[in-house]
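Scroll down for the structure; my scribbles are underneath it.
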C-alpha cells in the first residue's frame, strides 16, 4: 500500500487535479491517506506535483494509527475499540490494513490522518521540487517512512 501526503496547498490547482485530490480525500495541506498500490497509478501520476507518495511499513502505519488515527466523531482509537474488533495492538490493525484483510472505512476509522509540517522543514531545496532534485514531491522509491515520522 502507498502512503500519500499532500505537500502543496490549494492555490493554482487545475480543476482536473483538484478533482483527483478530492477523490483521494486530500482536501488540505499535510493530510495523509493510505491507498492500495493497484488501481491508483494514474491518479497518483496526475497529482505528483502536489503530493509525496511511497510505500509504508507496518511499524510506521501502526504509529500513525496510534498517534493520529481518529474514529468517526473525532475520538482516538482506544484499546477497547481494538478489542471490540479483535485486534490486540495497533500493529495488528496496521498489518491487517496493509494486507487487505481489514478496511479502515468498514471499521469506522477516518481515512485521513492530519499531520504537522515536518520538523526542520522539507530541506534546503524547499517543497516545490521533485524527488529527483532532492525535493519532497512525487514518488519516493525508498518509502515515505522518514517523512511521515518527521510529520507526526
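The values are calculated or read from the model by the stated rules, or taken from the named source; none is laboratory data. None of these values were measured; they are calculated from a predicted model. Cβ placement follows ideal geometry from the backbone for every residue including glycine, while neighbour counts extend to all protein chains displayed.
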Scanning the range 83-103 for residues that are free of Cβ contacts under 8 Å to residues at least 24 places away in the same chain, touching a helix residue (DSSP H, G or I) at 6+ places or on another chain (Cβ under 6 Å) and assigned to a helix (DSSP H, G or I) gives none
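Suppose the filter is in contact (Cβ under 8 Å) with a residue 40 or more places away in the chain and either in a strand (DSSP E or B) or outside the structural domain of residue 25 (by TED's automatic domain parsing) (or both); does residue 73 pass it?
No; evaluated as a whole, the condition is false for this residue.
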Among the residues listed as 130, 136, the single one being surrounded by 17 or more Cβ atoms within 10 Å (Cβ to Cβ) and closer than 18 Å to residue 48 by Cα:
136
Determine, yes or no, whether residue 106 is farther than 30 Å from residue 128 by Cβ and either assigned to a helix (DSSP H, G or I) or in contact with a helix residue (DSSP H, G or I) (Cβ under 9 Å, 6 or more places away or on another chain) (or both).
yes
Criterion violated by residue 91 - all others in (1) modelled with pLDDT of 90 or more; (2) assigned by TED's automatic domain parsing to the domain that holds residue 8; (3) surrounded by fewer than 19 Cβ atoms within 10 Å (Cβ to Cβ) satisfied:
(2)
Take the range 109-121 and flag every residue that is assigned to a loop (DSSP other than H, G, I, E, B), crowded, with 18+ Cβ neighbours inside 10 Å and in contact with a strand residue (DSSP E or B) (Cβ under 9 Å, 6 or more places away or on another chain).
110, 112, 115
Only one of (1) touching a helix residue (DSSP H, G or I) at 6+ places or on another chain (Cβ under 7 Å); (2) in contact (Cβ under 8 Å) with a residue 60 or more places away in the chain; (3) more than 20 Å from residue 52 (Cβ to Cβ) does not apply to residue 114, and that is (3)
Sort through 80, 149 and tell me the only one that's assigned to a helix (DSSP H, G or I), within 12 Å of the chain's Cα centre (by Cα) and surrounded by fewer than 18 Cβ atoms within 10 Å (Cβ to Cβ).
149
Within the range 35-70, can you find the residues that are free of Cβ contacts under 8 Å to residues at least 60 places away in the same chain and outside any helix (DSSP H, G or I)?
35, 37, 38, 39, 40, 47, 69, 70
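Would you mind finding the one in 38, 11, 29, 46 that is in contact with a helix residue (DSSP H, G or I) (Cβ under 6 Å, 6 or more places away or on another chain) and outside the structural domain of residue 98 (by TED's automatic domain parsing)?
Testing whether each residue is in contact with a helix residue (DSSP H, G or I) (Cβ under 6 Å, 6 or more places away or on another chain) and outside the structural domain of residue 98 (by TED's automatic domain parsing) leaves just 46.
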